[in-house]
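A quick write-up on the structure given underneath.
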Amino acid sequence: MTDQRDPAVQALLDKQEIYEVLARYLRAADRGDVDGLAACYLPGATEDHGGVFSGTAADYVASISRTVTHPKSLTMHCMTNVLIDLDGDTAQAESYVTTFSRVKTPDGLGHSFVGARIVDRMERRDGRWGIAHRALVWEWNHDAPAAETWIFGMLVPDTGVLARGGKYPSDLVYRGAAR
């Protein structure tokens, strides 16, 4: 704590800051913002990505940077059920995550839906919360052939009019379109 706030209020502020680190991480992954991904980790952080990768967070970010920045990469990570247990300047955060990914398969494009849980050891260093260690476990997966019909063609007659998300830095969140 940097000042003498009520401990319950400080706990809420800490939990909110931790939640925002987790949300920024997922946004950065979906938008291909490699610097944003890296900024969520603390120096020396480690990543255990459920049997897919185990090592430093810096090496993990480097290993996925080409994929997340590819102009045709399409993912959406949705975070739910975030539980944060505080212990001074450390915390454990457990988050449920459901993801969608458009992937290239040997038979063409496919859609993959995944349920996972992420358990993060968070630490406050130099007045900011960040990820010190991340462990991911896979819970379920559903793969399907790609079919993008926008509610079976009922959303709009011409899908070319839809405003679509983009990659860093051209996506509207980075352009400040909501300001």
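We did not get these values from a lab; they are worked out from the coordinates using the rules stated. Quantities reported herein were computed from a predicted structural model and do not represent experimental measurements. Using ideal geometry, Cβ is built from the backbone for each residue, glycine included, and neighbour counts are taken over all protein chains shown.
Do the sum for the chain: with -39,500 (n - 2.57) for every DSSP H run of n ≥ 4, divided by all residues, what is the mean residue ellipticity at 222 nm, to the nearest 500 deg cm²/dmol? Value at 222 nm, helices only, nearest 500: -8500 deg cm²/dmol. Proximity of backbone amide H atoms, modeled 1.01 Å from N, is registered between SER54 and HIS49 at under 5 Å, excluding neighbours fewer than 5 places apart on the same chain. Using the Cβ-Cβ distance between THR159 and PHE113 with R0 = 30 Å, the FRET efficiency computed as 1/(1 + (r/R0)^6) comes to roughly 0.90. Taking a Cβ cut-off of under 12 Å around ASP120, the surrounding Lys, Arg, Asp and Glu residues balance to a net charge of -2, with basic ones at +1 and acidic ones at -1. In this rough spin-label picture, where each label sits 7 Å from Cα along the Cβ direction, the HIS70-ASP85 distance is 3.9 nm.
Spin-label pair GLU148-ARG125: with each label point 7 Å from Cα along the Cα-Cβ axis, the two points sit 3.9 nm from one another. Cα convex hull, the range 73-179: 179 Å³ per residue, rounded to a whole number.
Helix 7-31 and the long axis of the chain differ in direction by around 30°, with both axes built from C-alpha atoms. Placing R0 at 41 angstrom, the Cβ-Cβ distance between ARG5 and CYS78 gives a FRET efficiency of 0.80 after rounding to 0.05. If the Kirkwood radius is taken over C-alpha pairs of the chain, then at 25 °C and 0.890 mPa s the Stokes-Einstein diffusion coefficient equals 136 µm²/s.
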